[in-house]
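The values are calculated or read from the model by the stated rules, or taken from the named source; none is laboratory data. Bear in mind that the values here come from a model prediction, so they are computed numbers and not experimental data. Using ideal geometry, Cβ is built from the backbone for each residue, glycine included, and neighbour counts are taken over all protein chains shown.
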Amino acid sequence: MSGGLRDRVTGLVGGMPRAFVLAMLWTYRTFLTPLLVAMFGRACRFEPSCSVYATEAIRQHGALRGGLMAARRLARCHPMGGHGYDPVPKRLPAGHGS
């Protein structure tokens, strides 16, 4: 395989996990979120909501790093955790890889 073709194939395959996770998040936000809001009301402690945060983190930092950032955010979402405005950082925090 030539270098250009290899780069395109690697880019497509490397983007598959990101696309899959983003599709799952889209499904959650489109179908489950309205149901949960109707049943329990809006209960998000953070702005943006965790699903929006996860989507932005994965788009900016990839499926693995963005997914880890989203998991950390979800871990902080409890009564003794934080609240308020918490955007996705443009750069990864120190200790989160390159």
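Overview of values
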quantity	calculated
Condition check for LEU74: assigned to a helix (DSSP H, G or I) and either touching a residue at least 24 places away in the same chain (Cβ under 8 Å) or loosely packed, with under 12 Cβ neighbours inside 10 Å (or both)	yes
Criterion: surrounded by 12 or more Cβ atoms within 10 Å (Cβ to Cβ) and assigned to a helix (DSSP H, G or I) - qualifying residue of PRO89, PRO17	PRO17
Positions within the range 34-65 being over 10 Å from the mean Cα position of the chain (by Cα) and either in a helix (DSSP H, G or I) or more than 25 Å from MET80 (Cα to Cα) (or both), in sequence order	PRO34, LEU35, LEU36, VAL37, ALA38, MET39, PHE40
Residue that is nearest to LEU22 (Cα to Cα) [pool: residues in the range 60-87 that are modelled with pLDDT of 90 or more and hydrophobic (A, V, I, L, M, F, W, C)]	ALA63
